[in-house]
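*Asks:* To start, I am sharing the structure in question, which I have written as structure tokens.
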Amino acid sequence: LAKGHILDNTVRNTEGWIKIMDEWRLDVKYNKLLKNQNKEIIKLHVAQFLCGVTTKKGKPYSRASLKNALSAINRHLQNIKPDWHYNLHDRNEFSSLYEQFDGLLKDMKKKEIGESKSTDGLTTKEIQHILNYKVLDSNTSLGLLKWSFFWISILGATRGGEHVNLHISQIVDTPNGIMLKKNQQKNDQGGLDESQFDLIISFSPDLP
């Protein structure tokens, strides 16, 4: 079920970004379908789109959304263009696209443009209220699983995607408490590259 849900989200995400790109192409008078263009024109149009697209309110998309857009366009081309055997993420094959987009993302980060909005954390009272729900009853196997995931999300500050990809090897039981190993970006300058390393978050044991 989880895998099917992820696939459905991927399809919706791809369709959504292609709709946005099609609307943008009409606005800039690119009337020929993207799939009917050659490699060089596609490379140019994708770079122009990523660097020029804005929301309906005229505001820039977040850097994460723009990265998402590139992946969606890449999937779309691979699905509908029979002679398309390329990967838009290939920095060697699409060096100019990579350099333009990478530069844009770094510049956006430096200028704090298109930053994702943060959300307020839960209050202690709200956490206590959630823990009182029957679905988080730790006396049942399913409730205990949900209870554990809830505490991991609170104490480990995990995001939705991290829960989906969580492995048991990331949770280590030690004499000093539980440790959660998270994959984080190292020296993140806001570009396309993502150098990963393990960030260790310790959960202290309950006091006696």
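Read-outs: derived from the displayed coordinates by stated rules, not from any lab. Computed from a predicted model, the values in this text were never measured in an experiment. Using ideal geometry, Cβ is built from the backbone for each residue, glycine included, and neighbour counts are taken over all protein chains shown.
*Asks:* Does the stretch 1-156 come out rounded, prolate or oblate, given a ≥ b ≥ c as the square roots of the eigenvalues of its C-alpha gyration tensor, rounded meaning a/c under 1.5 and, failing that, prolate meaning a/b above b/c?
*Replies:* Note, shape of the stretch 1-156 comes out prolate.
*Asks:* Tell me the net charge near Pro82. Cut-off is 14 Å between Cβ atoms, Pro82 excluded, with +1 for each Lys or Arg and -1 for each Asp or Glu.
*Replies:* In short, +2.
*Asks:* What lysines sit close enough to Lys110 to cross-link, taking a C-alpha to C-alpha distance under 27 Å and skipping anything fewer than 8 places away on the same chain?
*Replies:* Straight-line reach from Lys110, under 27 Å: Lys43, Lys56, Lys57, Lys59, Lys67, Lys182, Lys186.
*Asks:* In addition: Using 1/(1 + (r/R0)^6) with R0 = 30 angstrom and r between the beta carbons of Ser65 and Ile201, what's the FRET efficiency to the nearest 0.05?
*Replies:* 0.65
*Asks:* Let me ask something else about it. Report the FRET efficiency, 1/(1 + (r/R0)^6), for Glu23 and Leu144, where r is their Cβ-Cβ distance and R0 is 41 Å, rounded to 0.05.
*Replies:* 0.30
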